[in-house]
Amino acid sequence: MTAQIDALPSTQTKVNKATPDHINQKIERETEARINTFKRQEPEAVKKRISELEREWDTERVLEVNMASLALVSTILALSVDRKWAFLSGAVSVFMLQHALQGWCPPLSLIRRKGVRTMNEIDLEKQALQNLLKDEHYPI
């Protein structure tokens, strides 16, 4: 059993491993471009961006909200309109289990293509901006 659990991707890397390289690279380039832009900004603009990053939704949160919403709506429809809607709730549950174990599910591809980042990716940008504020050019 331990060997099977060890074979599963870690929580911190599962989304990146399940995302095609070209999408990961695009997200990385966009993050680097934003960091480079803030190198030329005033400290207040950098602080504002850090504040925005603290509120940014990551892939896990977007998936959870979307999947829970679909499950709730399909359950209500199954109870009030037609029991066949229960299949959608079942499919959503399978997708969430698949994502939790393997780091991939069909909606993840759409979410990543839209540029939704992992918490690690958001934190990397945040740390880079915090480092800018510690730089000698930025008095704290």
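Extension gain, A91 to N131, is 10.0 nm, computed as 0.36 nm per intervening residue step minus the present C-alpha separation. In the list [x] 1.00; [y] 1.11; [z] 0.94, the label attached to Rg/Rh (Cα atoms, Kirkwood Rh) as derived from the coordinates here is [y].
With a Förster radius of 22 Å applied to the C-beta separation of D21 and N120, the computed FRET efficiency comes to 0.85. Label point 7 Å out from L72 along Cα-to-Cβ: which residues of segment 82-123 have amide N under 17 Å? Label zone hits: 89-90, 92-93. One decimal place: the segment E56-Q12 gains 14.1 nm when fully extended, by the rule 0.36 nm per residue minus the C-alpha distance.
Would you please classify the overall shape of segment 1-80 from the alpha carbon gyration tensor, given that a ≥ b ≥ c denote the square roots of the eigenvalues, rounded means a/c under 1.5, and beyond that prolate means a/b larger than b/c while oblate covers the rest? Since a/c reaches 1.5 but b/c is at least a/b, the shape of segment 1-80 is classed as oblate. Once you list every other residue whose beta carbon is under 13 Å from the beta carbon of L77, what net charge do they have if Lys and Arg are +1 and Asp and Glu are -1? Here the count lands on +1. Cross-linked pairs K26/K126; K14/K84; K26/K48; K14/K48; K14/K47; K48/K134: Cα-Cα separations exceed 26 Å for K14/K84; K14/K48; K14/K47.
Residues E52, E42, E121 ordered from highest to lowest accessible area at a 1.4 Å probe: E42, E52, E121. Label separation (R83 vs Q102): 3.0 nm, computed from points 7 Å beyond Cα along the C-beta direction.
Per residue, how many Å² of accessible area does the chain show with a 1.4 Å probe?
68 Å²
Under 18 Å of direct C-alpha separation, and excluding same-chain neighbours fewer than eight residues apart, K39 reaches these aspartates and glutamates: E28, E30, E52, D123, E125, D135, E136.
Leaving ligands, DNA and RNA out of it, report the carbon-plus-sulfur percent of the accessible area of the chain at a 1.4 Å probe.
Of all accessible area on the chain, carbon and sulfur atoms account for 59 percent.
The values are calculated or read from the model by the stated rules, or taken from the named source; none is laboratory data. Please read all numbers here as calculations on a predicted model, not as lab measurements. Note that we place each Cβ from the backbone using ideal geometry, even for glycine, and neighbour counts take in every protein chain shown. Heavy atoms of the whole protein, side chains included, go into the accessibility calculation; ligands, DNA and RNA do not. Shrake-Rupley method; radii C 1.70, N 1.55, O 1.52, S 1.80 Å.
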